[in-house]
Amino acid sequence: MVRPRGHARDAREPRRLAGRNPGRDRPRRQGQSRSDPVVRRNHHRPEAWENLLDAKGPDNAGLGRIFRGNINIPKGESPTNRSDIEVLFDQLPEPIDLELDLANRVLYWTDRGDPPRGNTVNRAPIDTKAVPEILITHLMEGIGIALDVPGNQMFVTDFAGSVYSADLDGKNERNFLYGQGNLTGIAYAEI
């Protein structure tokens, strides 16, 4: 389901769809800026108990980062002073939306910063150090991503109002909707 930016439902409640992380698309609190870290919870594998977070950084500054940490704060530590936060990737243009392929332990994300590494869809394994792989380029401020891992498909939106599909390796990219308004996300659900 695709909703244009500012859709009334977005302001009232987080999206709750099958196959998605229930808390990941929460509306931001008043006064919270787009560059503040956003918690992306992994509720599908309780034994993992880890969060993925992104910090966009200033526009096109190359200061975007993606972090990982435990859901529970280590004993004797505080939210501002924890030893379990790990930087997975840094010096990214502007990482926006994160999606995790749990079966293969691969993180996918959209980046809406300037080319050549921005306006892209990227992926990288989360259990080994690797250079992120750019899968799709030339988005118009890529903003949303959803995965259908069993179907080997991803769905991506951008601010220009386009909806794309592609294989998980970025091949067979197809723009199947365009001019839909400023899209800020996408969700995939099997019904």
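Only the coordinates and a few stated rules stand behind these numbers; no lab work does. The structure presented is a predicted model; accordingly, all values stated were derived computationally and were not measured. FYI the Cβ positions are ideal-geometry reconstructions off the backbone, even for glycines, and counts take in every protein chain you see.
Put simply, when 87-93, 77-83, 151-157 are sorted by average Cβ atoms within 10 angstrom per residue, most first, you get 151-157, 87-93, 77-83.
Once you sort the root eigenvalues of the Cα gyration tensor of the range 68-167 as a ≥ b ≥ c, which label holds: rounded (a/c under 1.5), prolate (a/b larger than b/c) or oblate (the other case)? Prolate shape, in that a/c is at least 1.5 and a/b is the bigger ratio.
Can you tell me how much longer the chain between GLN91 and GLU173 gets when fully stretched, taken as 0.36 nm per residue apart minus their C-alpha distance, in nm with one decimal?
Details: separation 82, 0.36 × 82 = 29.52 nm, distance 2.65 nm.
So the chain would gain 26.9 nm between GLN91 and GLU173.
Each label was represented as a point 7 Å from its Cα along the Cα-to-Cβ direction; for ARG105 and LYS75 these points are 2.7 nm apart.
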